[in-house]
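Structure, as structure tokens:
Each value in this text was obtained by applying a stated rule to the coordinates, not by laboratory testing. Just so it is clear, the model here is predicted, and its values are computed rather than measured. Note that we place each Cβ from the backbone using ideal geometry, even for glycine, and neighbour counts take in every protein chain shown.
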Amino acid sequence: MSVGNKISGMSGVLYIIKTGSTYPAITGRLGDFDTWTLAALGTVAVDTCVLDAEHGAELPSANKCAGIIVTGSHSMVTDSLPWSVALEDWIPSLLEANVPFLGICYGHQLLARSTGGEVGFRPGGKEIGTVPVHLSPASADDPLFRSLPQTFSVHAAHSQSVLSLPPLAVRLAGNACEPNHAFRIGTSAWGVQFHPEYNAEIMKFYVMEQGADPVSDCFNSGKLLTAVTETPVAARVLENFASIVERR
């Protein structure tokens, strides 16, 4: 499906690559990964289109892409499902063409694995809830993060993570539990482990669904729900990415 408007002189489409769906219990009321992402992007001066990779949507060639966002998923990257492997194999063609790319959670891990990083289950257990992240010095001149404060709150919900960054990656953000919350490859591809598209209501639902699962020692499971807040600074990551796509 397509939404948004294209302005004169701009070519290509901003594709939202959907890699899974949220819980059926909330899709009717709150939407899904793709609708959350589009809402957080705001008005974008380029056509946008959602492609459901999990269900076999054809992936476009790099020259048709103004930008790419790969969503989160309930699948695991290490399961190497056929549709996921196809997506992973497609990513290098985008990097070679300098197509602006943003991977969120699952997409973050796919970007890492497609460029030589290691993805797997977190040894310390799940990271979930509203958590702080701290920017690295390299973020000071990074177009996605340089306008953000050094420490800010994000929403997280992941059992797997990027255990080792790709050889050419620049680490941009992390915290005590998850050192690789954000990184960049080259000049136009980013991965963020956290969810800039989540709001507090979505995060609370995930905590209620998954908070009983093994959680990292960094967190007090009993306080996860009460600690959930809105994360407006994290949401600016998607707005900044939209600006990068528009300037391309």
For this session: Let me see the pair-distance distribution of the stretch 136-215: every alpha carbon pair, 5 Å bin width, integer percents in order.
Result: 3, 13, 24, 22, 19, 11, 7, 2
Problem set entry | Residues listed by number, the stretch 168-185, amide nitrogen under 15 Å from ARG247 label point at 7 Å toward C-beta | none
For this session: Could you pull out every residue, at least 5 positions away or on a different chain, whose amide H is within less than 5 Å of the one on ALA182? Hs are placed 1.01 Å off N in the peptide plane, and Pro or chain starts have none.
Result: LEU172, ALA173, GLN193
Problem set entry | Net charge contributed by nearby residues that have their C-beta within less than 14 Å of LEU238 (K/R +1, D/E -1) | -3
For this session: Between SER161, SER73, SER93, find the one with the highest GNM mean-square fluctuation for the chain; connect C-alpha pairs within less than 10 Å.
Result: SER93
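With a length cut of 30 Å (Cα positions projected on each helix's long axis) and a Kyte-Doolittle mean of at least 1.6, go through the chain and give me the DSSP H helices that pass.
Numbers: long enough: none.
Helix filter hits for the chain: none.
Got a sec? How would HIS74, HIS155 order by Cβ neighbour count within 10 Å, fewest to most? Could the numbers behind the result be given before it?
Values: HIS74 12, HIS155 27.
The fewest-first ordering by Cβ neighbours comes to HIS74, HIS155.
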Exercise. Using a Förster distance of 22 Å, how high is the FRET efficiency between TYR23 and ASP79, based on the Cβ-Cβ distance and rounded to 0.05?
Worked result: 0.70
Problem set entry | GNM result for the chain, Cα springs below 10 Å: residue of VAL77, VAL228, VAL85 fluctuating most strongly | VAL85
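Counting helices only, and only those DSSP H runs with n ≥ 4, report the 222 nm mean residue ellipticity of the chain as the sum of -39,500 (n - 2.57) divided by its residues, in deg cm²/dmol to the nearest 500.
Working: 6 runs with 67 residues, N = 248.
About -8000 deg cm²/dmol.
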Exercise. Which percentage, to the nearest 5, of the DSSP beta bridges contained in the chain is antiparallel?
Worked result: 55 percent
Problem set entry | Choice from GLY28, GLY72, GLY117 with maximal GNM fluctuation in the chain (Cα, 10 Å cutoff) | GLY28
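Lysine pairs, Cα distance under 16 Å, 8 or more residues apart or cross-chain: how many in the chain? Don't skip to the end; give the middle numbers.
Numbers: LYS6/LYS64; LYS126/LYS204; LYS126/LYS223; LYS204/LYS223.
Qualifying lysine pairs in the chain: 4.
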For this session: Determine, at each q value in 0.11 (inverse angstroms), the log₁₀ of I(q)/I(0) that the Debye formula gives when each Cα of the chain is one equal point scatterer.
Result: -0.52
